[in-house]
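First the structure, in the form of structure tokens, and then the observations on it.
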Amino acid sequence: MLALRSLIFLLLQIIITPVFAMLALLSFPLGRLTRYQIISQWAKLMLPLLRLVCGIRHEVRGIENIPREPCIVLCKHQSAWETLALQKIFPPQVWVLKRELLWIPFFGWALALTSPIAIKRSDGKGAMKQLLKQGKERLAQGFCVVIFPEGTRIPFGRRGKYKIGGALLAASSGVPVVPVAHNAGRLWGRNAFSKHPGLITMSIGTPIETKGLNADEINARVEAWIENEIQQLPH
């Protein structure tokens, strides 16, 4: 039954995604924020489908901690689930991601129209300059900037190295950082086909005011909060 439900969800994604990709292409003449509002409906549709088909529910703690002004969201990365949920829970946002994702048919085309910061990971200093420049531009345009500080999906219960890029953007821009922890990998693992029914908990921390802090201090505070908070979530 688990495999069948997971297969049905996958097939629904395959059917729905090209439709949304075409809507995304039609939204090209519109403004950045309007395009985002249209394209993000795909993620907002996937979450109820995930609940209906696979039995994955979610709860959010600390939603009152989301600032009204644009912020930098530094989130634990365990699953594909948080890439959907963040679009529903947080205001309009752009992501820092590897540029190869934009080459995926349909999905990547729509993603490109959400104004992401698409970096070439192998271009170390160049990628960092791009992150700082475009990150400040997106914040000024009214977007939150979402960064997964570990850089890739880490299996549930494990801990990756927290990279400094998001903290550098925060230190140079002076905007608040919002740390986010969750336990999605418990039900929907990294690159996993099977999606186990149950409840995912996302916890949103109090914004960290970054003025007067350097990047190392910001990064350390984010890592300490996220990793401690994960221990408090259901395992």
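The values are calculated or read from the model by the stated rules, or taken from the named source; none is laboratory data. What you are looking at is a predicted structure, and each value in this text was computed from that prediction instead of being measured. Backbone-built Cβ (ideal geometry, glycine too); neighbour counts: all protein chains shown.
Suppose the filter is surrounded by 14 or more Cβ atoms within 10 Å (Cβ to Cβ), touching a strand residue (DSSP E or B) at 6+ places or on another chain (Cβ under 6 Å) and farther than 26 Å from His58 by Cβ; does Gln130 pass it?
Numbers: surrounded by 14 or more Cβ atoms within 10 Å (Cβ to Cβ): yes; touching a strand residue (DSSP E or B) at 6+ places or on another chain (Cβ under 6 Å): yes; farther than 26 Å from His58 by Cβ: yes.
Yes; evaluated as a whole, the condition is true for this residue.
Selection of region 133-146 for residues being surrounded by fewer than 13 Cβ atoms within 10 Å (Cβ to Cβ) and either over 28 Å from Leu30 (Cβ atoms) or touching a Leu at 6+ places or on another chain (Cβ under 9 Å) (or both) yields an empty set.
For region 163-170, state whether one or more residues are in contact with a Ser or Thr (Cβ under 9 Å, 6 or more places away or on another chain) and either exposed (fewer than 14 other Cβ atoms within 10 Å of the Cβ) or closer than 30 Å to Arg5 by Cα (or both). Among the residues of region 163-170, not one is in contact with a Ser or Thr (Cβ under 9 Å, 6 or more places away or on another chain) and either exposed (fewer than 14 other Cβ atoms within 10 Å of the Cβ) or closer than 30 Å to Arg5 by Cα (or both), which makes the answer no. Looking only at residues of region 45-68 that are out of contact with any His (no Cβ under 9 Å at 6 or more places or on another chain) and of a type in the set (Lys, Arg), we find that the one that is surrounded by the most Cβ atoms within 10 Å (Cβ to Cβ) is Arg61.
Looking at region 94-106, is at least one residue within 22 Å of Pro234 (Cβ to Cβ) and in contact with a helix residue (DSSP H, G or I) (Cβ under 9 Å, 6 or more places away or on another chain)?
First, pick out the residues of region 94-106 that are within 22 Å of Pro234 (Cβ to Cβ): none.
Scanning region 94-106 turns up no residue that is within 22 Å of Pro234 (Cβ to Cβ) and in contact with a helix residue (DSSP H, G or I) (Cβ under 9 Å, 6 or more places away or on another chain).
Annotation: Ser122 fulfils all but one of (1) hydroxyl-bearing (Ser, Thr, Tyr); (2) under 25 Å from Leu233 (Cα atoms); (3) over 15 Å from the mean Cα position of the chain (by Cα); the unmet one is (2).
The condition (being buried (at least 20 other Cβ atoms within 10 Å of the Cβ), in a strand (DSSP E or B) and either of a type in the set (S, T, N, Q) or within 15 Å of the chain's Cα centre (by Cα) (or both)) is satisfied by just one residue among Trp95, Trp42: Trp95. Of the residues making up region 26-36, those that are surrounded by 13 or more Cβ atoms within 10 Å (Cβ to Cβ) and in a helix (DSSP H, G or I) are Arg32, Leu33, Arg35, Tyr36.
The strands (runs of 3 or more DSSP E) found wholly in region 102-215 and carrying at least 1 residues that are at pLDDT 95 or above occupy 144-147, 177-182, 198-204.
Taking the numbered list (1) under 16 Å from the mean Cα position of the chain (by Cα); (2) within 25 Å of Pro155 (Cβ to Cβ) in turn, Arg61 passes all entries but (1). It is to be established whether one or more residues within region 202-211 are surrounded by fewer than 19 Cβ atoms within 10 Å (Cβ to Cβ) and without any contact (Cβ under 8 Å) to a residue 24 or more places away in the chain. Checked against the condition, which is being surrounded by fewer than 19 Cβ atoms within 10 Å (Cβ to Cβ) and without any contact (Cβ under 8 Å) to a residue 24 or more places away in the chain, region 202-211 yields no hits at all.
Look at region 185-201: where a residue is at positive phi and a partner is part of a loop (DSSP other than H, G, I, E, B) and surrounded by 15 or more Cβ atoms within 10 Å (Cβ to Cβ), sitting 6+ places away or on another chain with Cβ atoms under 6 Å, you get Gly198/Leu187. Checking each residue of region 152-159 against the condition of being surrounded by fewer than 20 Cβ atoms within 10 Å (Cβ to Cβ), free of Cβ contacts under 8 Å to residues at least 60 places away in the same chain and within 17 Å of Ala80 (Cα to Cα) gives at least one match.
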